[in-house]
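Participant: Quick one: the structure is below, and I'll ask about it shortly.
The values are calculated or read from the model by the stated rules, or taken from the named source; none is laboratory data. What you are looking at is a predicted structure, and each value in this text was computed from that prediction instead of being measured. So basically every Cβ, Gly included, is an ideal-geometry build from the backbone, and we count neighbours across all protein chains shown. Protein only, heavy atoms only, side chains kept; ligands, DNA and RNA dropped before computing areas. Shrake-Rupley method; radii C 1.70, N 1.55, O 1.52, S 1.80 Å.
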Amino acid sequence: MTELNGAPADLDQVKALALSNYGHFTSMRVEDNRVRGLSLHLDRLRRDCRVVFDAELDPDRVRTLVRKAVADWTEAVVVRVTVFDPSLELGHPGAAAEPQVLVTTRPAVAQPLPPIRVQAVQYQRELPAVKHVGLFGLVHQRRAAQRAGYDDVVFTNRKAQLCEGATWNIGFFDGENIVWPDADALPGVTMALLNEVHNGDVDTASIDLAQLCEMKVAFATNAAIGVRQISAVDDTEWPDTHPILDVLRKEYTDIAAEPL
């Protein structure tokens, strides 16, 4: 399913997205016409639209378009909402923009997913606080990590501090609290929801590779995968099981989803 502004999209309409690669998006897991953190996803789209296009986006319209796109789905589905302007030319991106809404769907994977081993590399996305469509760099880094025998990649900044995974946030459990890296990264919706559940029992800290051995558990979060165990970052490994992982997964699945 690929719809632009609620109608089937054709090649001419979406080719600008492929050729100029300028826009932003959010991905959400929809089950029974409900989304955990729907308000946060809509807030992200509005916030990023101001940054990318200097324009406002109507969240109610987005909600309507997503509801239409999933109307025929009976199982869980991952919906990606991409905002771009097909008329914006590569040579004149400073023109006034009229952002359009592209909605695509794909089947959601069953949760929980198996643990992953990740490779740490120095890399930072452009505008890390924005979920934009400039994915070449991170996909290239993910490909290199997989060809080196890992499942995925996690990024460090120039100070060798951990930031985020290719398409997910990385979190840790230090034995008492959840700890997120204090570095430039995309503020994830799943991360925000877990923070709300844990309230004061959440910390942020600068975490470099040498400090990983101090952590009891590492995990990845995003809307599509929920909470996924990280079994190793480079040569630092963690046990296959830890009670906090089941706790985090249950806390996340118990969060009330918002109706579309």
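Participant: Calculated from the structure, Rg and Dmax of the Cα atoms in Å equals which of (i) 18.7, 61; (ii) 17.9, 57; (iii) 18.7, 54?
Facilitator: The value computed from this structure is option (iii).
Participant: Mind checking the full-extension length gain between L113 and A55? Use 0.36 nm per residue of separation minus the Cα-Cα distance, one decimal, nm.
Facilitator: Extending this stretch completely gives an extra 17.1 nm.
Participant: Show me, for region 29-39, the HN-Hα J-couplings you get by feeding each phi into the Karplus relation (A = 6.51, B = -1.76, C = 1.60, θ = phi - 60°), rounded to Hz, glycine and proline as x.
Facilitator: 9, 10, 9, 6, 6, 10, 9, 5, x, 3, 4
Participant: To the nearest 20 debye, what charge dipole does region 139-227 have about its Cα centre, counting +1 at the Cβ of each Lys and Arg and -1 at the Cβ of each Asp and Glu? Numbers along the way, then the final one.
Facilitator: On the way: 6 positive and 12 negative charges, 112 e Å.
My answer is approximately 540 debye.
Participant: Right, something else. May I ask for the distance between the Cα centers of region 170-225 and region 65-85, given as a whole number of Å?
Facilitator: So the separation of the two Cα centres works out to 29 Å.
Participant: With θ taken as phi - 60° and the coefficients 6.51, -1.76 and 1.60, list the Karplus ³J(HN,Hα) couplings across region 148-156 in order, rounded to whole Hz; mark glycine and proline as x.
Facilitator: These are the phi-based 3J(HN,Hα) values: 8, x, 9, 8, 7, 9, 10, 9, 10 Hz.
Participant: Can you sort K216, K131 by 1.4 Å-probe accessible area, starting with the largest?
Facilitator: Values: K216 105, K131 35 Å².
So the residues, ranked largest to smallest area, are K216, K131.
Participant: Counting only the heavy atoms of the protein chains, how much of V101 is accessible to a 1.4 Å probe, in Å² to the nearest 10?
Facilitator: Accessible area, nearest 10 Å²: 0 Å².
Participant: If you place +1 on the Cβ of every Lys and Arg and -1 on the Cβ of every Asp and Glu, how big does the dipole about the Cα centre of region 142-184 come out, in debye to the nearest 20?
Facilitator: Working: 5 positive and 7 negative charges, 81 e Å.
That gives a dipole near 400 debye.
Participant: Right, here's the next one. Starting from the eigenvalues of the Cα gyration tensor, five times each then square-rooted, give me the equivalent ellipsoid semi-axes of region 61-163, largest first, whole Å.
Facilitator: 30, 24, 11
Participant: Below 14 Å, Cα to Cα, which aspartates and glutamates can K15 reach? Residues fewer than 8 away in the same chain don't count.
Facilitator: Of all the aspartates and glutamates, those that pass the test against K15 - Cα under 14 Å, at least 8 places apart if same chain - are E3, D85, E89.
Participant: Right, next: Using a Gaussian network model on the chain with a 10 Å cutoff between Cα atoms, which of Q119, Q229, Q211 fluctuates the most?
Facilitator: The residue with the greatest mean-square fluctuation here is Q211.
Participant: Oh, and also: For K250, give me every one of the lysines with a C-alpha distance below 23 angstrom, ignoring sequence neighbours fewer than eight places off in its own chain.
Facilitator: Here the lysines satisfying the reach criterion relative to K250 are K216.
Participant: In square angstrom, what is the accessible area per residue of region 8-161 with a 1.4 angstrom probe?
Facilitator: 55
Participant: Work out the charge dipole of region 138-260 with +1 on the Cβ of Lys and Arg and -1 on the Cβ of Asp and Glu about the Cα centre, then indicate which of F173, Q146, G226 is farthest towards its positive end.
Facilitator: Q146
Participant: Something else now. To the nearest 20 debye, what charge dipole does region 180-230 have about its Cα centre, counting +1 at the Cβ of each Lys and Arg and -1 at the Cβ of each Asp and Glu?
Facilitator: The dipole of region 180-230 has a size of about 280 debye.
Participant: Let me ask something else about it. Run lengths n ≥ 4 of DSSP H only: what is the helix-derived mean residue ellipticity at 222 nm for the chain, with -39500 (n - 2.57) per run over all residues, to the nearest 500? Kindly include the intermediate steps, with their values, before the conclusion.
Facilitator: Working: 6 runs with 70 residues, N = 260.
It lands at -8500 deg cm²/dmol.
Participant: For region 214-260, what does the accessible surface come to per residue with a 1.4 Å probe? Please give it in Å².
Facilitator: Accessible area per residue: 46 Å².
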